[in-house]
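Engineer: The structure under discussion is supplied below as structure tokens; questions concerning it will follow.
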Amino acid sequence: MREIHFDDVVAAVRDMSIEANLFLKDDVKEALKHAYEREESGTGRSILKMVLENIEVAEAERLPLCQDTGLAVFFVEMGEEAKVSGDGVAKAINEGVRRGYKDGYLRKSVVDDPVRRKNTGDNTPAIIHFDVVPGTHLKIALAPKGGGSENMSTVKMFPPSAGWEGMKKFVLEWVFKSGGNPCPPSIIGIGVGGNFELAAINAKKALVFRKIGQRNPDPFWAGKEVELLDDINKLGVGPMGLGGVVTSLEVFIESAPCHIASMPMAINTQCHANRHAFREL
Amino acid sequence: MAAKRLTTPLTDEAVLSLHIGDEVLLSGVVYTARDSAHKRLIELIDRGEPLPFELVGQAIYYAGPSPAPPGKPIGSVGPTTSYRMDAFAPRLHSLGLRATIGKGPRSKEVMDALVNHKSVYFTAVGGVAALLAKRVKSAEIVAFEELGPEAIRKLVVEDLPLIVSCDAYGQDLHVEGVKAYQKLTV
């Protein structure tokens with residue numbers, strides 16, 4: 001059994017919280033530059049120009065890209081032969097979030113209860129998904145997720161007779177109806193198959209673990225991703241929903257086996273500030 | 001298109017000069033307020049109590065900033081999604097509020113209030129909050145400090161870049177702008 005020190009996890013998560021909220025990954029930057037080049041709407045181009053400038057300002061001024069520094073969502077892959085000392089991995093991650101959001105001057109956007117709504121003051125608890133795998137390592141992925149785009153997400157349980165055509169129609173209607181709310185140009189994460197909760201987790205995973213331009217390895221789903229993206233960008237929604245030819249930067253679909261009676265689909269909408277940080281300990 | 005420069009408080013003339021798609025650089029005072037602050041403002045109005053700031057001619061920015069790092073007046077401060085404040089906006093417009101700043105479309109009731117009370121809705125670009133923070137010269141909490149990021153703050157802004165998305169003539173860029181580029185109907 002390999003022991004990973006509690007404090008090392010705390011330090012890594014603290015740094016990841018700040019890094020993810022201040023610096024965009026290169027694939028997202030490139031996609032936004034490309035969006036600016038191909039946008040035809042004057043308003044849309046003005047918006048995308050500001051989006052690109054904001055990336056530079058955030059880096060130079062060490063300010064978060066967006067004031068909504070999100071719920072801290074983690075995907076943790078933990079080796080069966082690894083353990084975190086002291087109070088364990090979940091406590092370490094939450095302590096790292098607490099420190100990162102304080103030291104990085106990040107917004108605390110978590111309330112303790114959906115109805116009573118008292119701010120917890122330190123952006124915890126984080127949402128942590130665990131996978132246990134063979135090995136001695138600990139891999140941590142962080143995706144801070146803003147409320148505006150998360151609110152434009154959904155799960156739909158189709159009858160199998162709806163087929164791909166039914167799913168596709170639903171996604172197009174959903175993106176159109178979401179309009180400017182999720183800060184387009186968006187990235188659309190879709191989980192198909194599995195069950196109610198697996199579809200949703202796969203939709204989120206699609207947003208976290210794939211780089212823009214990275215297609216599903218299954219040619220069937222790769223084709224569907226391209227087809228959906230093309231059609232979404234014909235909807236006219238455009239940057240911030242004010243009209244244009246760039247509504248989404250990317251569509252990722254993850255599929256899973258499902259019940260003979262079911263055809264679940266989840267859509268997780270991601271704003272243009274697709275923020276991530278990764279560490280392996 | 002050259003941006004129009006405007007300063008708050010906004011006059012009838014200023015609001016009526018604006019049309020959807022216009023780019024505006026707004027200067028002067030704007031007040032931040034979002035979900036919880038709106039709920040409390042309406043409660044004060046219902047009880048007949050005074051509001052913590054003068055509403056007439058003013059602009060409300062639907063925003064909850066990140067904390068100010070040392071040496072800066074404010075942290076990142078971009079817009080939040082406006083539809084959540086649709087239930088409150090018509091009431092505030094009827095009391096003299098002239099502009100709201102946020103992101104995303106507004107309800108029919110808000111659109112009507114803009115026409116009836118010669119008011120305007122601006123889109124601030126979501127997710128460009130560091131850039132927008134640089135246009136804020138000062139910030140102070142004027143009410144509901146206990147709400148943290150949701151407290152009402154008085155911001156003095158200089159050249160805050162905005163887009164007129166719903167104007168006082170009942171025009172809506174969320175509809176017209178999309179129509180101009182829509183090649184696929186759903």
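Engineer: Okay, helix-only estimate at 222 nm for chain A: each DSSP H run of n ≥ 4 adds -39500 (n - 2.57), divide by all residues, round to 500 deg cm²/dmol; what do you get?
Structural biologist: -13000 deg cm²/dmol
Engineer: Quote the charge dipole size of the stretch A:148-275 about the Cα centre in Debye, to the nearest 20; the model charges only the Cβ of Lys and Arg (+1) and of Asp and Glu (-1).
Structural biologist: Roughly 180 debye for the stretch A:148-275.
Engineer: A:Arg117 versus B:Leu16, label points 7 Å from Cα toward the beta carbon: distance in nm?
Structural biologist: It works out to 3.8 nm between the two label points.
Engineer: Turning to a different aspect of this structure: Could you calculate the contour length gain from A:Met1 to A:Lys102, that is, 0.36 nm times the residue separation minus the distance between their Cα atoms, to one decimal place in nm?
Structural biologist: Taking 0.36 nm per residue and subtracting the Cα distance, the gain is 33.0 nm.
Engineer: Still on this structure, I have one more. Within the stretch B:118-146, name every residue whose backbone N is under 17 Å away from a label modeled 7 Å from Cα of A:Glu53 along the Cβ vector.
Structural biologist: B:123-137
Engineer: I would also like to ask the following. Have a look at the stretch B:2-84 and give its Rg and Dmax from the Cα atoms, expressed in angstrom.
Structural biologist: For the stretch B:2-84, the Cα radius of gyration and maximum Cα-Cα distance read 15.1, 45 Å.
Engineer: Farthest toward the dipole's positive end in the stretch B:4-173, which of B:Ala37, B:Ile74, B:Pro105, given Cβ charges of +1 (Lys, Arg) and -1 (Asp, Glu) about the Cα centre?
Structural biologist: B:Ile74
Engineer: List the extent of the Cα atoms of the stretch A:46-201 along each of their three principal axes, largest first, rounded to whole Å.
Structural biologist: In descending order, the Cα extents are 51, 44, 35 Å.
Engineer: Between A:Asn195 and A:Lys234, how many nm apart are label points set 7 Å from Cα along the C-beta direction?
Structural biologist: According to this spin-label approximation, the distance is 3.8 nm.
Engineer: If you restrict to DSSP beta bridges whose two residues both lie in the protein assembly as shown, what percentage is antiparallel, to the nearest 5?
Structural biologist: In the protein assembly as shown, approximately 55 percent of DSSP beta bridges are antiparallel ones.
Engineer: In chain A, what cysteines have no partner Cβ closer than 4.7 Å?
Structural biologist: Cysteines lacking a close Cβ partner in chain A: A:Cys66, A:Cys258.
Engineer: Can you work out ³J(HN,Hα) from phi for every residue in the stretch A:5-10, in order, using Karplus 6.51 cos²θ - 1.76 cosθ + 1.60 and θ = phi - 60°, giving whole Hz and x for Gly and Pro?
Structural biologist: 5, 3, 5, 5, 5, 4
Engineer: Can you give the FRET efficiency for B:Leu44 and B:Lys183, using 1/(1 + (r/R0)^6), R0 = 30 Å, r = Cβ-Cβ distance, to the nearest 0.05?
Structural biologist: 0.05
Engineer: Shifting gears a bit: Order these by the 10 Å Cβ neighbour count, fewest first: A:Phe74, A:Phe130, A:Phe176, A:Phe209.
Structural biologist: A:Phe130, A:Phe209, A:Phe176, A:Phe74
Engineer: Taking a point 7 angstrom from the Cα of A:Glu30 along the C-beta vector, which residues in the stretch A:220-258 have backbone N less than 18 Å away?
Structural biologist: Output list for this probe position: A:226, A:249-252.
Engineer: Please list the equivalent ellipsoid semi-axes of the stretch B:4-173, computed as the square roots of five times the alpha-carbon gyration tensor eigenvalues, in descending order and whole angstrom.
Structural biologist: 22, 19, 14
Engineer: Residues in the stretch A:1-36, backbone N under 19 Å from the label point at A:Thr136 (7 Å along the Cα-to-beta-carbon vector): list them, ranges by number please.
Structural biologist: A:1-9
Engineer: With the cut-off at 1.5 for a/c, could you classify the stretch A:1-81 from its C-alpha gyration tensor as rounded, prolate or oblate?
Structural biologist: prolate
Engineer: So for the stretch A:148-275, what percent of the C-alpha to C-alpha distances run longer than 22 Å?
Structural biologist: Counting every Cα pair in the stretch A:148-275, those more than 22 Å apart make up 27 percent.
Engineer: Let me ask something else about it. Given R₀ = 41 Å, what would the calculated FRET efficiency be for B:Phe53 paired with A:Lys91, taking r from the Cβ atoms and rounding to 0.05?
Structural biologist: So, using R0 = 41 Å, E works out to roughly 0.45.
Engineer: Report the FRET efficiency, 1/(1 + (r/R0)^6), for A:Lys168 and A:Glu80, where r is their Cβ-Cβ distance and R0 is 41 Å, rounded to 0.05.
Structural biologist: 0.55
Engineer: Taking each pair of distinct Cα atoms in chain A once, what is the resulting Kirkwood hydrodynamic radius in Å?
Structural biologist: Hydrodynamic radius (Kirkwood, Cα only) of chain A equals 19.6 Å.
Engineer: Something else now. Taking the Cα centre of the protein assembly as shown as origin, work out the dipole magnitude from +1 charges on Lys and Arg Cβ and -1 charges on Asp and Glu Cβ, in debye rounded to 20.
Structural biologist: 380 debye
Values in this text are rule-based calculations from the coordinates and carry no lab data. The structure presented is a predicted model; accordingly, all values stated were derived computationally and were not measured. No Cβ is skipped: glycine too gets one built from the backbone with ideal geometry, and neighbour counts run over all protein chains shown.
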